[in-house]
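Chemist: Have a look at the structure that comes next, please.
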Amino acid sequence: MKKIAFLSMIMLISMLGCDSGQSSQREVKKAMAGSKTTESVATFAGGCFWCVESDFEKVPGVLRVVSGYTGGTGENPTYETYARQGHIEAVQIFYDPAKVSYAQLLDVFWRHIDPTDGGGQFVDRGSYYRSAIFYHDEEQRQLAEKSKAELGKSGRFAKPIVTEIIKFNRFYDAEEYHQDYYKNNPLRYRYYRHGSGRDQFLEKVWPPERKDQQSAPERPYTKPDDATLRKILTPMQYNVTQHEGTEPPFQNEYDKNKREGIYVDIVSGEPLFSSLDKFDSGTGWPSFTKPLEPGNIVEKVDRGLFMTRTEVRSRHADSHLGHVFPDGPKPTGLRYCMNSAAMRFIPKEDLEKEGYGRYLTLFNK
C-alpha cells in the first residue's frame with residue numbers, strides 16, 4: 001500500500017488544514033556539512049524513506065541524509081515509476097567516520113526496521129519497500145554480513161533475518177517534496193508514522209535499548225488508584241486527566257504564567273515542559289514548542305469531535321494533557337497546547353526542595 005495513499009485516507013477527515021511547505025533542505029544540509037569534513041557514504045533501505053531519513057538524521061556524526069531510489073535497472077526513476085523499474089525506496093547517509101562508524105550505523109539500521117519481513121516494511125507492502133543494505137566497498141560488505149549474522153544468532157527475532165545485502169550501483173535522489181518530509185510536514189508525518197505500526201513494533205522488540213528518544217529521569221513516577229485520584233484532584237483536574245476533558249480558555253491557572261520553572265504531571269509528578277519553551281499562542285491555554293522530557297510524552301491519534309488531531313498524554317500516569325498542532329513558532333514549528341489542570345508548576349527556586357534539582361542548570365544565565 002503506497003504510503004501517500006495511506007496518508008491521504010487519514011488526512012481526508014482532518015479539519016486542521018495545516019501544511020508547512022515542501023521545500024527541500026538538501027542544499028542547506030550539504031552546506032552545513034562543510035567542505036573540509038571527511039565524508040563517507042552508506043546506503044540503506046528500510047521501507048518508507050521518510051522514516052529512515054528521520055531516524056538517521058538524529059545520529060551524532062551523520063552530516064546529511066538524502067531520500068531516493070536504488071537497486072533497479074531503469075534510469076531516472078520518479079515516485080510514480082520507481083517500483084516498475086525495480087528500484088527500492090532507500091536513503092543515502094553522508095557521515096563523518098571520525099564521529100560515527102559504519103558498524104554503528106548498521107546497529108542503528110537494524111534497530112529501526114523489521115529485518116524478518118521480505119514483503120515490505122510495516123504498513124507499506126511490496127518488494128520496493130523491502131529492507132536492504134547496499135554496500136559501497138568490500139569493507140562495508142564484510143561488516144554488513146557480520147552484523148547480519150550476529151543479529152540472527154542473538155535470538156532477538158524468532159524468524160530468519162531476510163534483509164538483503166546488495167552491491168551498490170547507482171542512487172537517484174527522490175523528488176524535493178520527499179526530502180526532510182518529517183520536518184516540512186510534521187503533523188502529516190506523525191499521522192503516517194503512527195499509523196504505519198513501525199514504532200509499536202520497535203518498542204516491543206527493542207524496549208531497553210531504544211536511544212532515539214531522550215531518557216526520562218530515573219525517579220519512579222506512579223499513578224494512584226482511582227479512589228485516591230478523586231480525593232487529591234479537583235473535579236476539573238480529574239475530568240481533564242481521566243476523561244479527556246478541556247478546561248475553559250483564558251480562565252485557567254497557567255495561560256499567563258511567566259515565571260521560570262518546570263511543569264510536571266498533576267497526577268504522577270513526571271516532568272513535562274519548561275517555561276523556557278513556553279510561548280503566548282493567543283489560544284487561552286499554556287502552549288510550548290517542545291517537551292522538557294520527550295520520554296515522558298506519548299502522542300496518539302485522536303478522532304473525536306469529528307476531526308483528527310494528535311492527543312498528548314503522559315507516559316507514566318497516562319494523563320490526558322492536551323494536543324499538539326503544527327502551527328507553532330520556530331525552532332520546532334509545533335504548538336503543544338496543554339490544559340493547566342493537567343499540570344503542576346514548580347518555580348525555579350523550589351526545584352531543589354521538590355526533588356527536581358537536576359533542572360536548575362537550565363535556568364543558569
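The values are calculated or read from the model by the stated rules, or taken from the named source; none is laboratory data. Keep in mind that what you see is a predicted model, and the values were worked out from it rather than measured. Cβ: placed from backbone, ideal geometry, glycine included. Neighbour counts: every protein chain shown.
Chemist: Report yes if S196 is surrounded by 11 or more Cβ atoms within 10 Å (Cβ to Cβ), over 19 Å from H320 (Cα atoms) and either modelled with pLDDT under 90 or touching a helix residue (DSSP H, G or I) at 6+ places or on another chain (Cβ under 8 Å) (or both), otherwise no. Talk me through it step by step, then tell me what you get.
Modeler: Working: surrounded by 11 or more Cβ atoms within 10 Å (Cβ to Cβ): yes; over 19 Å from H320 (Cα atoms): yes; either modelled with pLDDT under 90 or touching a helix residue (DSSP H, G or I) at 6+ places or on another chain (Cβ under 8 Å) (or both): yes.
Answer is yes for this residue.
Chemist: I would also like to ask the following. What are the residues in the range 227-243 that are crowded, with 17+ Cβ neighbours inside 10 Å and in a loop (DSSP other than H, G, I, E, B), if any?
Modeler: L233
Chemist: When only residues in the range 63-91 that are free of Cβ contacts under 8 Å to residues at least 40 places away in the same chain and either in contact with a Pro (Cβ under 8 Å, 6 or more places away or on another chain) or among the hydrophobic types (A, V, I, L, M, F, W, C) (or both) count, which is surrounded by the most Cβ atoms within 10 Å (Cβ to Cβ)?
Modeler: Going through the qualifying residues, I end up with V65.
Chemist: Would you check if there is a residue in the range 285-293 being assigned to a strand (DSSP E or B) and at pLDDT 95 or above?
Modeler: Restricting attention to the range 285-293, the residues satisfying the condition of being assigned to a strand (DSSP E or B) are 287-288.
Cutting the leftovers down to at pLDDT 95 or above gives us 287-288.
Checked against the condition, which is being assigned to a strand (DSSP E or B) and at pLDDT 95 or above, the range 285-293 yields at least one hit.
Chemist: Looking at L276, L272, which one is among the aliphatic types (A, V, I, L, M) and surrounded by fewer than 19 Cβ atoms within 10 Å (Cβ to Cβ)?
Modeler: On the way: L272 fails: surrounded by fewer than 19 Cβ atoms within 10 Å (Cβ to Cβ).
Of the residues listed, the single one that is among the aliphatic types (A, V, I, L, M) and surrounded by fewer than 19 Cβ atoms within 10 Å (Cβ to Cβ) is L276.
Chemist: Now a separate question. I'm trying to understand the selection: among the residues of the range 137-166, which are part of a loop (DSSP other than H, G, I, E, B), in contact with a helix residue (DSSP H, G or I) (Cβ under 9 Å, 6 or more places away or on another chain) and not β-branched (V, I, T)?
Modeler: Here is the first cut: in the range 137-166, the ones part of a loop (DSSP other than H, G, I, E, B) are 137, 154-163.
Right, trim to in contact with a helix residue (DSSP H, G or I) (Cβ under 9 Å, 6 or more places away or on another chain) and you get 156-157, 160-161, 163.
Answer for the range 137-166, where residues must be part of a loop (DSSP other than H, G, I, E, B), in contact with a helix residue (DSSP H, G or I) (Cβ under 9 Å, 6 or more places away or on another chain) and not β-branched (V, I, T): R156, F157, P160.
Chemist: I'd like the full set of residues that are surrounded by 22 or more Cβ atoms within 10 Å (Cβ to Cβ) and among the β-branched types (V, I, T), limited to the range 44-61.
Modeler: The answer is V52, and nothing else.
Chemist: Also, quick follow-up: Tell me, yes or no, whether the range 302-310 has at least one residue that is more than 20 Å from the chain's Cα centre (by Cα), at negative phi and either assigned by TED's automatic domain parsing to the domain that holds Y191 or in a helix (DSSP H, G or I) (or both). Lay out the reasoning, then the answer.
Modeler: Kept after step one, since they are more than 20 Å from the chain's Cα centre (by Cα), are these residues of the range 302-310: 303-307.
So of that shortlist, the ones also at negative phi come out as 303-304, 307.
This time we only want the ones that are either assigned by TED's automatic domain parsing to the domain that holds Y191 or in a helix (DSSP H, G or I) (or both), so: 304.
Checked against the condition, which is being more than 20 Å from the chain's Cα centre (by Cα), at negative phi and either assigned by TED's automatic domain parsing to the domain that holds Y191 or in a helix (DSSP H, G or I) (or both), the range 302-310 yields at least one hit.
Chemist: Out of curiosity, is G155 free of Cβ contacts under 8 Å to residues at least 12 places away in the same chain and of a type in the set (G, A, S)? Give the steps one after another, and end with the answer.
Modeler: Working: free of Cβ contacts under 8 Å to residues at least 12 places away in the same chain: yes; of a type in the set (G, A, S): yes.
The answer is yes for G155.
Chemist: Please identify the pairs in which a residue from the range 249-261 that is acidic (D, E) has its Cβ atom under 7 Å from the Cβ atom of a residue that is surrounded by 15 or more Cβ atoms within 10 Å (Cβ to Cβ), counting only partners at least 6 apart or on another chain.
Modeler: Close Cβ pairs satisfying both conditions: E253/S340; D255/G284; D255/W285; D255/P286; D255/S340; E260/S275; E260/K348; E260/F363.
Chemist: Does F94 count as surrounded by 23 or more Cβ atoms within 10 Å (Cβ to Cβ) and assigned by TED's automatic domain parsing to the domain that holds G197? Full working, then the answer.
Modeler: Numbers: surrounded by 23 or more Cβ atoms within 10 Å (Cβ to Cβ): no; assigned by TED's automatic domain parsing to the domain that holds G197: yes.
Judged against the criteria, F94 is not a match.
Chemist: Pick from K278, K256, K231: which is assigned by TED's automatic domain parsing to the domain that holds S319 and modelled with pLDDT under 95?
Modeler: On the way: K278 fails: modelled with pLDDT under 95; K256 fails: modelled with pLDDT under 95.
Exactly one of K278, K256, K231 is assigned by TED's automatic domain parsing to the domain that holds S319 and modelled with pLDDT under 95, namely K231.
Chemist: Return yes or no: is R315 in contact with a Phe, Trp or Tyr (Cβ under 9 Å, 6 or more places away or on another chain) and charged (D, E, K, R)?
Modeler: Considered against the rule, which asks whether it is in contact with a Phe, Trp or Tyr (Cβ under 9 Å, 6 or more places away or on another chain) and charged (D, E, K, R), R315 comes out as yes.
Chemist: Take D265 and tell me if it is touching a Pro at 6+ places or on another chain (Cβ under 6 Å) and surrounded by 17 or more Cβ atoms within 10 Å (Cβ to Cβ).
Modeler: no
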